[in-house]
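Below is one structure; the comments refer to it alone.
The values are calculated or read from the model by the stated rules, or taken from the named source; none is laboratory data. Quick caveat: nothing in here was measured; it's all calculated off a predicted structure. Cβ: placed from backbone, ideal geometry, glycine included. Neighbour counts: every protein chain shown.
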Amino acid sequence: MSSRTISLEVNGEAIEYDVPARRLLVHFIRDDLGLTGTHVGCDTGNCGACTVHLDGTAVKSCMLLAVQADGSRIATVEGLAGEGELTALQRAFNEHHALQCGYCTPGMLMSATALLEQNPHPSEDEVRVALQGNICRCTGYVNIVEAVVAVGEDTA
């Protein structure tokens, strides 16, 4: 199998890595880099558990090859909290009981973070639209939406 050396930034750290040409970005992040907060859910791009930020845009990492990220900046859920401090969104997920089983949580956090960066004060409907690509099998949507809206209200 052919491989290629890629250079990218992951959670602020410069990385150069030799990856198989057909390695999915989600497997590169989890298996090669050991950042297991990015979850593998469906491998079809439907559930959003693998959502990361690629150059500031929320993407589903099971839909991209690692070589496609060459030269990019990637942020994973592990990179959200700086110096061990939870972000306002992470605290809101805890306070609003938006965690449930936790499997969807990293993807939800990454999608919601992208929304809040573009729209710091989203309405409930805007949150629901932004999270529509993320599936919560525990049906914790109400609490998740409340948590995201609360962050927007707290920064108003």
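Annotations for the structure displayed:
- Candidates Arg22, Arg73: the one that is charged (D, E, K, R), in contact with a Gly (Cβ under 8 Å, 6 or more places away or on another chain) and over 16 Å from Val151 (Cβ atoms) is Arg73.
- Matching residues in the range 106-141 - criterion: being modelled with pLDDT under 95 and either assigned by TED's automatic domain parsing to the domain that holds Leu35 or more than 16 Å from the chain's Cα centre (by Cα) (or both): Arg137, Cys138, Thr139, Gly140, Tyr141
- Scope the range 36-80; condition within 12 Å of the chain's Cα centre (by Cα), closer than 23 Å to Arg128 by Cα and not in a loop (DSSP other than H, G, I, E, B); matching residues: Thr51, Val52, His53, Leu54, Thr57, Ala58, Val59, Lys60, Ser61, Cys62, Ala75, Val77
- Considering the range 38-55, and only residues there that are at pLDDT below 95 and small (Gly, Ala, Ser), the residue that is nearest to Gln118 (Cα to Cα) turns out to be Gly45.
- Test: residue in the range 116-135 that is farther than 23 Å from Asn11 by Cβ, in contact with a Phe, Trp or Tyr (Cβ under 9 Å, 6 or more places away or on another chain) and either surrounded by 13 or more Cβ atoms within 10 Å (Cβ to Cβ) or touching a residue at least 24 places away in the same chain (Cβ under 8 Å) (or both): yes
- Close pairs (6 angstrom Cβ cut-off, 6 or more residues apart or separate chains): at positive phi in the range 83-105, hydrophobic (A, V, I, L, M, F, W, C) anywhere: Gln100/Cys138
- The set of residues from the range 20-34 being assigned to a loop (DSSP other than H, G, I, E, B) and either β-branched (Val, Ile, Thr) or under 15 Å from Leu64 (Cβ atoms) (or both) comprises Ala21, Arg22, Arg23, Leu33.
- Verdict on Gly34 being surrounded by fewer than 17 Cβ atoms within 10 Å (Cβ to Cβ) and touching a strand residue (DSSP E or B) at 6+ places or on another chain (Cβ under 6 Å): no
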